[in-house]
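The block underneath contains the structure these notes are about, expressed in structure tokens.
No lab work stands behind these numbers, since they all come straight from the coordinates. Computed from a predicted model, the values in this text were never measured in an experiment. FYI the Cβ positions are ideal-geometry reconstructions off the backbone, even for glycines, and counts take in every protein chain you see.
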Amino acid sequence: MRKTIILLLLTVSCSALDLTSHLKQEEGFRSSPYKCSEGFWTVGYGHRCDQNTAPVSKAEAELIIKGDIALAVSQVETLIGKDAPQEAKEIVTAMVFQLGYKGVSKFKQTLKLIRSKDYKGASKEMLNSKWAKQTPARAHSMSIMMSKVR
């Protein structure tokens, strides 16, 4: 029941998808470098760094996340095309933010389904991944959002 409510809240909060707010909520803020669940050094709002990176303030982290999102946005059309609906672009942008361009490019079937406008199929295929096992709440939330793309 609790997971359902959390997923529903994430889905509702992202229906208008303020991407920055969504990603900040997903990532949380840490001023000092730490190792993420995959063993990468990270700081701020999920920004990959090295172990010797100095701590950052929230203001610095805001600038960093905006740059990271801009980079992710610039890579999305290469993955799913210019004509994809904005909602699909935002979901894939969030995936690129988390997994990087290279990581998302490995979702061959999901990307193919998005390009062919089969968003329900893409939604199901997103869950057929190591990503869905590693971050199940996030993957399920994005899968639900993808299933609602028109």
Checklist entry - Could you give me the ³J(HN,Hα) list for the range 83-95, computed from phi with Karplus coefficients 6.51, -1.76, 1.60 and θ = phi - 60°, whole Hz, x at Gly and Pro? => result 8, 5, x, 4, 4, 5, 4, 5, 5, 5, 4, 4, 5
Checklist entry - Which cross-chain or sequence-distant (5 or more) residues have an amide H under 5 Å from the amide H of residue 129, H modelled 1.01 Å from N in plane? => result none
Checklist outcome for this item: In nanometres, the difference between 0.36 nm per residue of separation and the alpha-carbon distance of residue 105 and residue 70 is 10.8 nm
Checklist entry - Which residues' amide hydrogens lie under 5 Å from the amide hydrogen of residue 46, considering only partners 5 or more residues apart or on another chain, with H built in the peptide plane? => result 30
Item to check | Kirkwood Rh, angstrom, the range 2-147 [1 / mean 1/r, Cα pairs] | outcome: 15.6
Next on the checklist: For the chain, what does the helix formula give at 222 nm: sum of -39500 (n - 2.57) over DSSP H segments with n ≥ 4, over the residue count, nearest 500 deg cm²/dmol?
Outcome noted: -20500 deg cm²/dmol
Checklist outcome for this item: Least to most buried among 119, 101, 45, by other C-beta atoms within 10 Å and fewest first, runs 101, 119, 45
Checklist entry - What is the range 2-147's relative contact order, in percent, from Cα pairs under 8 angstrom and six or more apart in sequence? => result 20
Next on the checklist: Pairs on different chains or at least eight residues apart, Cα atoms closer than 25 Å: how many lysine pairs in the range 20-105 fit?
Outcome noted: 14
